[in-house]
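Q: Questions regarding the structure given below will be posed in turn.
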There are 4 protein chains.
Amino acid sequence: MTEQLISVSSAQDGAWKTAVTQIIRAGERMDQRGWVPATAGNISVRLADGRIAVTRSGGHKGFLTPEGVIEIDLTGNPLLPGDRPSAETLLHCQIYAHFPHTGAVLHGHSIAATVLSMRTKERALYLADYEVLKVFEGQSTHATRVAVPIFSNDQDIARLARSVSLFLDEMKAGYIIQGHGVYVWGPDMDTALARLEGLEFLLACELERLKLSPSFQGM
Amino acid sequence: MTEQLISVSSAQDGAWKTAVTQIIRAGERMDQRGWVPATAGNISVRLADGRIAVTRSGGHKGFLTPEGVIEIDLTGNPLLPGDRPSAETLLHCQIYAHFPHTGAVLHGHSIAATVLSMRTKERALYLADYEVLKVFEGQSTHATRVAVPIFSNDQDIARLARSVSLFLDEMKAGYIIQGHGVYVWGPDMDTALARLEGLEFLLACELERLKLSPSFQGM
Amino acid sequence: MTEQLISVSSAQDGAWKTAVTQIIRAGERMDQRGWVPATAGNISVRLADGRIAVTRSGGHKGFLTPEGVIEIDLTGNPLLPGDRPSAETLLHCQIYAHFPHTGAVLHGHSIAATVLSMRTKERALYLADYEVLKVFEGQSTHATRVAVPIFSNDQDIARLARSVSLFLDEMKAGYIIQGHGVYVWGPDMDTALARLEGLEFLLACELERLKLSPSFQGM
Amino acid sequence: MTEQLISVSSAQDGAWKTAVTQIIRAGERMDQRGWVPATAGNISVRLADGRIAVTRSGGHKGFLTPEGVIEIDLTGNPLLPGDRPSAETLLHCQIYAHFPHTGAVLHGHSIAATVLSMRTKERALYLADYEVLKVFEGQSTHATRVAVPIFSNDQDIARLARSVSLFLDEMKAGYIIQGHGVYVWGPDMDTALARLEGLEFLLACELERLKLSPSFQGM
């Protein structure tokens, strides 16, 4: 049965192949920017039929192959019993469950996200007056302030997910796990990648501004 | 009629193809440097016959295809009614109208331009004593000072364009929109790209000098 | 006899070819990140049969060819008398001798490792609370502190190796030679590269945090 | 006669083709690192027969073609009357005249070289205790201090060359023109590129150390 599932997935399944290709290319893109160091980061796509494709645990996300992408259900369980999905799969599933139109979720680690989240006493980073804020859903002007919530890191992912769930409806640009990285999503991979790129650009700007003015950002 | 226009443009129009290729490659180049994050930035070329090719609104400028470039007239109206040109098209057209010899206009977002423009109380950034100043039109020495005007960001592009128009004749190296990015132009794409690269190199130097000396640049 | 050795190595030796390819690609990867400037850095692999492949002295590690990789024994002596292995070969051999399961050793130079090691008065850098710490052997949480020992640079490699040997068992993430670079290893090349990437990511974060707060890291 | 010269150069002249290829690849390499912004920088090679190949004035050194490289003599005069060599050609020729074994000269612009040279009150930058110092001629240890002289920028290249000539014999790692860039050379292109890379790596380290400690480097 397993072999039949594999052969359907790999030989005839155009939608699956497309999803896998998007994930591989997203990993390459994130790797070029240095956002998937070591084996960190994870990437997922929800197909039109509801299946979820996510990166397998442990591999380097910059050099994915089709074997590095597995199928899970909305509760995070792998389709094939031997598969181990990415450790943070529950965080991906939580977003898909909460937002019916989400088609892709990206998790990356950047120096800016790591450093800013470890420095601040605040419970969020605040991004204001940047043109690039317009890449986030519902934002049509630079003249606004967007909060990016910060959650303490936690190896108990289920517990971390419960903290995150309280704030999902407020999130305009994704969220940050302290000393860890960002979670960003969108209706499709292109939008999710654009939002990740936009968020990381703004975090890099914030880090530079903080270097110029230590009192910046209430830190 | 629309189909006829498309087939002329795409199949027989060597000048158009060249312009599109230049725009695609400029986007790739700007993306390598991180100057077109998310869907930000825009790029245009004026052909010898006066037609203007500009990037379509919303796409990622680092991964353009020929479909991502559309034709507009000097007032910013798209040739094909369904097309949406880049949001800041008026700023491109303004430059083409004001400077008859301009053949390409580039708009990018860099961390340096964003951070420096958000920090200064001055109405321009001043670049002095750099060898690279010689890349700008009319500059033949490093022993000079070039002003790069900063305009407040404004979602009303027509209003922003009116502010810009007052200073166009003075501009030696393009201009900056605060918290947004730079506008640079030249008689052809190669020159425009060289000037963009030169300006961004100098802004990066300025940002580093500011980190070493907070009183630098009157900030 | 020499010719026979070369022809066995190059024409029929699949395991050797694989090791050489891994070394070449590791060099390219390290070069993309700027970790093998000039002719600095060195890379080795221990094959299943115990042979050790190491980069030849003097070449640029970003542009290796098969001729740039030579065979040495566990004491650092080259198989072919005319070959000159990398100057720091003894440091590679020391790790292979001490850790029977090590399959690859990487040495790179980064700005962060160089600057941090030259600034601190401490005898190690301490990395704490980062998610990426989980890339190192035996680390399963971010909520920990890992020490990366710093050794004074020394052109007498044998003497440097003796200092290093005293601390090898304690090392969780490799070590740093002051003003020089890092040594990282793993059971295979992929793991070694992941650990190098993880360490350099964390050192880059530490450098940024130090810029924000000069009292950070006891420096 | 001109046509004959061109056809000998381009069709039958293997040594010339090799030199041109080295220059093109050096430009690409320098461009990847951001060291030839806009049309800045220049590159030359001296062939075994004494001919000198140098980049033509004005082109982007990251995208050279064979047409972008011309022949000059040791006094800087182009072989073909219509050719305009790089503006700083005399600085290349000076090095070839002074050092009979020099086979390649590189001039690039980096943020670190520009910023450090504009900040210091000293007449040189001093690099000490770095392992990478060993890439420079005659250096066999990190435990040393190498001076990199800084010359004020000057559009009168002949005058600048006279200042440089007084110090050529002392130079261990090339020199810097203030607010402009570095000059580095070696017996062949690979060595020159390695020394350029080594110098720029060290200047980048110095800039980072300066950010951590404003009293560093006597600045």
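The values are calculated or read from the model by the stated rules, or taken from the named source; none is laboratory data. As the structure is a computational prediction, the values presented were derived from the model and not from experiment. Virtual Cβ from ideal backbone geometry, glycine too; neighbours counted across all protein chains shown.
Q: I'm checking my understanding of the structure. Among residues of region D:40-78 that are aliphatic (A, V, I, L, M) and within 14 Å of chain B (Cβ to nearest Cβ), which one is nearest to B:E131 (Cα to Cα)? So that I can check it myself, show each step before the final result.
A: Narrowing region D:40-78 to residues aliphatic (A, V, I, L, M): D:40, D:43, D:45, D:47-48, D:52-54, D:64, D:69-70, D:72, D:74.
Filter once more, so that each one left must be within 14 Å of chain B (Cβ to nearest Cβ): D:40, D:64.
Working: D:A40: 9, D:L64: 21 Å.
Among those that are aliphatic (A, V, I, L, M) and within 14 Å of chain B (Cβ to nearest Cβ), it is D:A40.
Q: On the given criteria, is C:T141 hydroxyl-bearing (S, T, Y) and part of a loop (DSSP other than H, G, I, E, B)? Explain how you work it out, then say what you get.
A: Details: hydroxyl-bearing (S, T, Y): yes; part of a loop (DSSP other than H, G, I, E, B): yes.
Spelling it out, C:T141 is indeed hydroxyl-bearing (S, T, Y) and part of a loop (DSSP other than H, G, I, E, B).
Q: Just to be sure before I move on: is C:S110 touching a strand residue (DSSP E or B) at 6+ places or on another chain (Cβ under 6 Å) and in contact (Cβ under 8 Å) with a residue 60 or more places away in the chain in the structure I sent?
A: Spelling it out, it is not the case that C:S110 is touching a strand residue (DSSP E or B) at 6+ places or on another chain (Cβ under 6 Å) and in contact (Cβ under 8 Å) with a residue 60 or more places away in the chain.
Q: With (1) buried (at least 23 other Cβ atoms within 10 Å of the Cβ); (2) touching a strand residue (DSSP E or B) at 6+ places or on another chain (Cβ under 7 Å); (3) not in a loop (DSSP other than H, G, I, E, B) as the list, and B:A173 as the residue in question, which single condition is left unmet?
A: (3)
Q: Go through B:T55, B:T65 for me and flag whichever is polar (S, T, N, Q) and within 15 Å of the chain's Cα centre (by Cα).
A: Exactly one residue qualifies, and that residue is B:T55.
Let's see how each residue does on (1) within 19 Å of B:T141 (Cα to Cα); (2) not in a strand (DSSP E or B):
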| site | (1), (2) |
| --- | --- |
| D:I70 | no, no |
| D:L80 | no, yes |
| D:L91 | yes, yes |
| D:V105 | no, no |
| D:A147 | no, no |
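Q: When region B:30-58 is examined, which residues are found to be of a type outside the set (A, V, I, L, M, F, W, C) and buried (at least 20 other Cβ atoms within 10 Å of the Cβ)?
A: Of all residues in region B:30-58, those of a type outside the set (A, V, I, L, M, F, W, C) come to B:31-34, B:37, B:39, B:41-42, B:44, B:46, B:49-51, B:55-58.
Once the filter is applied, which keeps residues that are of a type outside the set (A, V, I, L, M, F, W, C) and buried (at least 20 other Cβ atoms within 10 Å of the Cβ), region B:30-58 yields B:D31, B:P37, B:T39, B:G41, B:N42, B:S44, B:R46, B:T55.
Q: Would you be able to tell me the number of residues in region B:59-113 that are among the basic types (K, R) and exposed (fewer than 14 other Cβ atoms within 10 Å of the Cβ)?
A: Taking region B:59-113 as the starting set, the residues that turn out to be among the basic types (K, R) are B:61, B:84.
Remaining after also requiring exposed (fewer than 14 other Cβ atoms within 10 Å of the Cβ): B:84.
Residues meeting the conditions: 1.
Q: Something else about it: Spot the failing condition for D:Q178; the list is (1) at pLDDT 95 or above; (2) closer than 26 Å to D:R25 by Cα, and only one is missed.
A: Status for D:Q178: all satisfied but (2).
Q: Among residues belonging to region D:22-39 that are assigned to a loop (DSSP other than H, G, I, E, B) and closer than 15 Å to D:V54 by Cβ, point out the one that is nearest to the other protein chains (Cβ to nearest Cβ). I'd like the intermediate steps shown before the answer.
A: Looking only at region D:22-39, we keep the residues that are assigned to a loop (DSSP other than H, G, I, E, B), and these are D:33-39.
If we keep only those that are closer than 15 Å to D:V54 by Cβ as well, we get D:36, D:39.
Values: D:V36: 9, D:T39: 5 Å.
Only one residue fits best here, namely D:T39.
Q: Follow-up. Which pairs do you get when a residue that is more than 15 Å from C:K172 (Cα to Cα), found in region C:137-160, comes within reach of a residue that is acidic (D, E) and in a loop (DSSP other than H, G, I, E, B), reach meaning Cβ atoms under 9 angstrom, with the pair 6+ apart or on two chains?
A: Correct list of pairs: C:N153/D:D129; C:I157/C:E88; C:L160/C:E88; C:L160/C:D154.
Q: Would you confirm whether any residue within region C:127-135 is touching a residue at least 24 places away in the same chain (Cβ under 8 Å), under 17 Å from the mean Cα position of the chain (by Cα) and on the phi > 0 side of the Ramachandran plot? Show your work before the answer.
A: Start the filter on region C:127-135 by keeping residues that are touching a residue at least 24 places away in the same chain (Cβ under 8 Å), which leaves C:127, C:130, C:132-133, C:135.
Still in the list and also under 17 Å from the mean Cα position of the chain (by Cα): C:135.
Checking the rest, the ones that are also on the phi > 0 side of the Ramachandran plot come to none.
There is no residue in region C:127-135 that is touching a residue at least 24 places away in the same chain (Cβ under 8 Å), under 17 Å from the mean Cα position of the chain (by Cα) and on the phi > 0 side of the Ramachandran plot.
Q: Would you call C:A11 surrounded by fewer than 24 Cβ atoms within 10 Å (Cβ to Cβ), modelled with pLDDT under 95 and out of contact with any strand residue (DSSP E or B) (no Cβ under 8 Å at 6 or more places or on another chain)?
A: Details: surrounded by fewer than 24 Cβ atoms within 10 Å (Cβ to Cβ): yes; modelled with pLDDT under 95: yes; out of contact with any strand residue (DSSP E or B) (no Cβ under 8 Å at 6 or more places or on another chain): yes.
Here the answer is yes, as C:A11 does meet what is asked.
Q: Provide a single number: the residues in region D:114-128 that are part of a loop (DSSP other than H, G, I, E, B), surrounded by 16 or more Cβ atoms within 10 Å (Cβ to Cβ) and not β-branched (V, I, T). Spell out the reasoning first.
A: From region D:114-128, those part of a loop (DSSP other than H, G, I, E, B) are D:120-123; that's our starting set.
Checking the rest, the ones that are also surrounded by 16 or more Cβ atoms within 10 Å (Cβ to Cβ) come to D:120.
From what is left, the residues that are not β-branched (V, I, T) are none.
Final tally of qualifying residues: 0.
Q: Being crowded, with 20+ Cβ neighbours inside 10 Å, within 14 Å of chain C (Cβ to nearest Cβ) and either assigned to a loop (DSSP other than H, G, I, E, B) or in contact with a strand residue (DSSP E or B) (Cβ under 8 Å, 6 or more places away or on another chain) (or both) is true for just one of D:L210, D:L160, D:L203. Which residue is that? Reasoning before the result, please.
A: Numbers: D:L210 fails: either assigned to a loop (DSSP other than H, G, I, E, B) or in contact with a strand residue (DSSP E or B) (Cβ under 8 Å, 6 or more places away or on another chain) (or both); D:L160 fails: within 14 Å of chain C (Cβ to nearest Cβ).
Answer to the check: D:L203.
Q: Any residue at all in region C:177-192 that's under 18 Å from C:Y126 (Cβ atoms), touching a residue at least 60 places away in the same chain (Cβ under 8 Å) and part of a helix (DSSP H, G or I)? Before the answer, list the steps.
A: Step one: filter region C:177-192 for residues under 18 Å from C:Y126 (Cβ atoms), giving C:177-178, C:182-184.
Imposing the further condition that a residue be touching a residue at least 60 places away in the same chain (Cβ under 8 Å) reduces the set to C:177-178, C:182-184.
Subsequent filtering for residues that are part of a helix (DSSP H, G or I) retains none.
For region C:177-192, residues under 18 Å from C:Y126 (Cβ atoms), touching a residue at least 60 places away in the same chain (Cβ under 8 Å) and part of a helix (DSSP H, G or I): absent.
For (1) free of Cβ contacts under 8 Å to residues at least 24 places away in the same chain; (2) touching a Pro at 6+ places or on another chain (Cβ under 8 Å), each residue gets a yes or a no:
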residue: C:I43; (1), (2): no, no
residue: C:I52; (1), (2): no, no
residue: C:S57; (1), (2): no, yes
residue: C:T65; (1), (2): no, no
residue: C:P78; (1), (2): yes, yes
residue: C:L91; (1), (2): no, no
residue: C:Q94; (1), (2): no, no
residue: C:F99; (1), (2): no, no
residue: C:S117; (1), (2): no, no
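Q: Among (1) on the phi > 0 side of the Ramachandran plot; (2) within 18 Å of the chain's Cα centre (by Cα); (3) among the small types (G, A, S); (4) away from every other protein chain (no Cβ under 14 Å), there is one condition A:G138 misses while meeting the rest; what is its number?
A: Every listed condition holds for A:G138 apart from (2).
Q: Suppose the filter is polar (S, T, N, Q) and more than 12 Å from chain A (Cβ to nearest Cβ); does B:S165 pass it? Full working, then the answer.
A: Numbers: polar (S, T, N, Q): yes; more than 12 Å from chain A (Cβ to nearest Cβ): yes.
Taking the combined requirement at face value, the residue satisfies it.
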